[in-house]
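Just below is one structure, and these are the notes that go with it.
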Amino acid sequence: MTAARVLIIDEIHPSLFPMLESIGMEADYRPDIKPVEVCEALAGFDGLIVRSKMRITADTIRLAGKLKFVARAGAGVDNIDAEALQERGIALIGANEGNRQAVGEHALGMLLSLMRNITRGDRQVRDKVWLREENRGEEISGQTVGIIGYGNMGQSFAQVLSGFGCRILAYDRYAEDKICAPAERVSLEQLQAEADIVSLHIPFIPENRTFANDDFFSAFRKRIWFLNTSRGEVVDQTALVQHLQAGTLKGAALDVLENEKLHTLTAHQEQNYTYLAAAANVVFTPHIAGWTYESYVKINEVLVEKLAALKRAGKL
């Protein structure tokens, strides 16, 4: 039987190649290919593996007559037009399971940095400023943590929190049946009424654009610590800034921004960014929550397991 041919257009951990070979797939690795070249290059391939190089649209795959799957080596498939693939009967594969532990641990690290003033204290000590009382922090123990979105990432965050002696609430409008211990299943309204800490773990789909807007933040009854390790577009950054300025948010930990190409910010985005960058109660990281050496390999393992399952089902 002829091996299925797979085009890989992003840099990938080399562990993927022997894994693909073990299930009878032949990889053509072209990480330097330009996005405009991908459409013609796809002709004759059975599969495409992508990370974040480009958006995969109906036009991207129009010449790919043999294409049976598009796989994203990462969490989320918002850069892939799922409807265009579905119309052609092409399978869409994600690897969210591969970096779930990384995201859970990173969210915890950001939360601790925020609540215990670790980042701020580090900067001060480097400047030979030694302030103890001014950096007195809060403990997670005894707090109520609200997790919005209880898929792989939300579940992982709940697990890493489970040893901290906190109460964990979870809300998921699409998969509420997934919610189980250590989290309690609640409505969004109950979460907003009771949470001290709120962490977003929702996908970027049209319905979730600016999910965390002024109405969202205004509905909380307590001043909250806010975390976002999902996608920047799910937060209205203007509303976030306004609530930080008003003090209704104690602070924010942000691994993602609405525009992560910081040299292309609009005037309004620049204004929001300037405030956030100067705020002592804001912690940034550059979209690295799922970015560990371990997850780099685990993502490949998840993809290959799913491709092997497709082969067993006779779909490849």
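The values are calculated or read from the model by the stated rules, or taken from the named source; none is laboratory data. Predicted model, so just to flag it, every value in this text is computed and none were measured. Virtual Cβ from ideal backbone geometry, glycine too; neighbours counted across all protein chains shown.
If you scan the stretch 217-245, which residues turn out to be out of contact with any Leu (no Cβ under 8 Å at 6 or more places or on another chain) and under 27 Å from Ile80 (Cβ atoms)? Residues satisfying the conditions are Arg231, Glu233, Asp236. Which residues, counting only those in the stretch 1-22, are in a strand (DSSP E or B) and loosely packed, with under 15 Cβ neighbours inside 10 Å? If the condition is that a residue be in a strand (DSSP E or B) and loosely packed, with under 15 Cβ neighbours inside 10 Å, then Arg5 is the only one that fits. Scanning the stretch 30-45 for residues that are closer than 23 Å to Lys315 by Cα and either aliphatic (A, V, I, L, M) or within 28 Å of the chain's Cα centre (by Cα) (or both) yields Cys39, Ala41, Leu42, Ala43. Out of all the residues in the stretch 162-175, is one or more in contact with a helix residue (DSSP H, G or I) (Cβ under 8 Å, 6 or more places away or on another chain), at negative phi and of a type in the set (Gly, Ala, Ser)? Taking every residue of the stretch 162-175 in turn, at least one turns out to be in contact with a helix residue (DSSP H, G or I) (Cβ under 8 Å, 6 or more places away or on another chain), at negative phi and of a type in the set (Gly, Ala, Ser).
Out of the residues in the stretch 52-83 that are under 23 Å from Val103 (Cβ atoms) and among the polar types (S, T, N, Q), state the one that is surrounded by the most Cβ atoms within 10 Å (Cβ to Cβ). The qualifying residue surrounded by the most Cβ atoms within 10 Å (Cβ to Cβ) is Asn79.
Contact map, the stretch 147-166: first residue in a loop (DSSP other than H, G, I, E, B), second residue modelled with pLDDT under 95, Cβ cut-off under 8 Å, separation 6 or more or different chains; pairs are Gly149/Pro203; Tyr150/Ala175; Tyr150/Glu176; Tyr150/Lys178; Gly151/Asn96; Gly151/Ala175; Gly151/Lys178; Gly151/Pro203.
Going by the structure shown, is Val282 under 17 Å from Ala73 (Cβ atoms) and either in contact with a Pro (Cβ under 8 Å, 6 or more places away or on another chain) or surrounded by 17 or more Cβ atoms within 10 Å (Cβ to Cβ) (or both)?
For Val282, the condition - under 17 Å from Ala73 (Cβ atoms) and either in contact with a Pro (Cβ under 8 Å, 6 or more places away or on another chain) or surrounded by 17 or more Cβ atoms within 10 Å (Cβ to Cβ) (or both) - is not met.
Only one entry of Leu262, Leu276, Leu227 meets the criterion of being modelled with pLDDT of 95 or more and over 19 Å from the mean Cα position of the chain (by Cα), and that entry is Leu276. Restricting Lys261, Lys298 to residues that are closer than 21 Å to Asp10 by Cβ and surrounded by fewer than 17 Cβ atoms within 10 Å (Cβ to Cβ) narrows the list to Lys261.
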